[in-house]
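Readers should treat all values here as calculations from the given coordinates under stated rules, not as data from a laboratory. Only a predicted model underlies this, so the values are computations on that prediction, with no experimental measurement involved. Here Cβ is always computed from backbone atoms with ideal geometry, including for glycine, and neighbour counts include all displayed protein chains.
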Amino acid sequence: DAGITQSPRHKVTETGTPVTLRCHQTENHRYMYWYRQDPGHGLRLIHYSYGVKDTDKGEVSDGYSVSRSKTEDFLLTLESATSSQTSVYFCATGQGGGQPQHFGDGTRLSIL
Amino acid sequence: GENVEQHPSTLSVQEGDSAVIKCTYSDSASNYFPWYKQELGKRPQLIIDIRSNVGEKKDQRIAVTLNKTAKHFSLHITETQPEDSAVYFCAASMGSGGSNYKLTFGKGTLLTVNP
């Protein structure tokens with residue numbers, strides 16, 4: 001969707017380095033989500049936010065942290081990247097209340 | 001927590017045939033069921049959704065049905081075309097908001113429409 005921007009779109013880094021992915025929205029949606037997508041696993045929720053400074057864990061949160069200091073931005077940080085975190089990462093936003101989530105274009109992250 | 005099972009994992013049909021993808025969910029409190037289409041290398045995009053107060057919804061060649069008693073919902077695509085080839089994901093969520101509003105996704109179905 002035009003209102004969701006992920007950066008960077010591609011990144012290659014080495015094991016043990018910190019990595020931060022950014023999701024920026026112009027939709028003023030309350031909810032923001034980080035997913036990872038791997039073959040055979042579909043979309044798995046890492047962390048999500050239900051308001052500024054309000055975040056919670058998803059099903060695969062180990063090794064990841066998030067921050068949301070303003071409505072528009074949701075950051076995903078890998079403190080010390082591992083090869084198992086090589087994946088495609090999608091950000092999504094939504095209004096909640098039975099409304100759909102809309103996805104960004106994804107970040108392809110490779111950890112060597 | 002919620003668990004969503006999706007079948008089949010792959011589906012191959014001839015152009016013009018119908019395709020059906022089925023999902024089951026575990027939590028009877030779930031009340032919102034969207035379907036997403038993801039083309040290769042692209043983001044998932046919403047194609048249709050249904051809420052628990054409705055049994056069926058149609059949008060041109062696409063329809064979704066919901067059976068709350070059996071806790072399953074299905075995507076039906078009629079008159080399939082090669083451009084329908086993609087991975088399709090079902091999802092389920094519960095609640096109207098608050099701190100616990102999230103989707104649980106099925107693992108996806110790779111649909112191939114052969115010309």
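Build a GNM of chain A with springs between Cα atoms under 10 Å: which of A:Tyr33, A:Tyr89, A:Tyr64 gets the top mean-square fluctuation?
The residue that fluctuates most here is A:Tyr64.
Only bridges whose two residues both fall in chain A count here: according to DSSP, what percent of them are antiparallel, nearest 5?
DSSP beta bridges in chain A are roughly 90 percent antiparallel.
Give a quick list of chymotrypsin sites (Phe, Trp or Tyr not before Pro) in segment B:63-115 that DSSP marks as loop, anything other than H, G, I, E or B, with at most 14 other Cβ atoms within 10 Å.
Loop-located and lightly packed - none at all.
Run the dipole for chain B about the Cα centre, Lys and Arg Cβ at +1, Asp and Glu Cβ at -1, nothing else charged, and hand back the magnitude in debye, nearest 20. List each step's numbers first, then the result.
Values: 12 positive and 12 negative charges, 75 e Å.
Using Cβ point charges on Lys, Arg, Asp and Glu, chain B gives about 360 debye.
Quick one: net charge of A:Asp73's neighbours, Cβ under 13 Å, K/R +1, D/E -1? Write out the running numbers ahead of the final one.
Working: positive: A:Arg22, A:Lys53, A:Arg68, A:Lys70; negative: A:Glu27, A:Glu72.
Neighbourhood net charge equals +2.
Can you report the principal axis dimensions of chain B using only the alpha carbons, biggest first, rounded to whole angstrom?
45, 29, 21
Based on alpha-carbon positions alone, could you give the equivalent ellipsoid semi-axes of the protein assembly as shown from the gyration tensor, as √(5λ), descending, whole Å?
On the way: eigenvalues 175, 87, 45 Å².
In descending order the semi-axes read 30, 21, 15 Å.
For the residue pair A:His10 and A:Ser69, what label-to-label distance in nm results when each label sits 7 Å from Cα along the Cα-to-beta-carbon direction?
Placing both labels 7 Å along Cα→Cβ, they lie 3.0 nm apart.
Connecting C-alpha atoms closer than 10 Å in a GNM of chain B, tell me which of B:Val20, B:Val87, B:Val54 has the biggest fluctuation.
With Cα springs under 10 Å in chain B, the top fluctuation among B:Val20, B:Val87, B:Val54 is at B:Val54.
Measure of size requested: the Rg and Dmax of chain A, with Cα atoms as the atom set and Å as the unit; please supply both.
Cα-based Rg and Dmax for chain A come out at 13.1, 40 Å.
Give A:Lys11/B:Lys37; A:Lys70/B:Lys37; A:Lys11/B:Lys42 a once-over and call out the pairs whose C-alpha atoms are over 19 Å from each other.
Flagged as over cut-off: A:Lys11/B:Lys37; A:Lys70/B:Lys37.
Please report the base-10 log of the normalised intensity I(q)/I(0) for segment B:50-112, using a Debye sum with one equal scatterer per alpha carbon and no solvent, at each q in 0.18 (1/Å).
Normalising to I(0) and taking log10 leaves -0.79.
Lys/Arg Cβ at +1, Asp/Glu Cβ at -1, dipole of chain B taken about the Cα centre: which of B:Gly108, B:Phe33, B:Gln14 is farthest positive-ward?
In chain B, that residue is B:Phe33.
If you place +1 on the Cβ of every Lys and Arg and -1 on the Cβ of every Asp and Glu, how big does the dipole about the Cα centre of segment A:27-108 come out, in debye to the nearest 20? Please report the intermediate quantities before stating the final value.
Details: 8 positive and 10 negative charges, 10 e Å.
The dipole of segment A:27-108 has a size of about 40 debye.
How shielded is B:81-93 by partner chains, expressed as the average number of their Cβ atoms within 10 Å of its Cβ atoms?
1
Tally Lys and Arg at +1 and Asp and Glu at -1 over the other residues with C-beta under 12 Å from the C-beta of B:Gln81: what net charge comes out?
After counting each charged neighbour, the total is -4.
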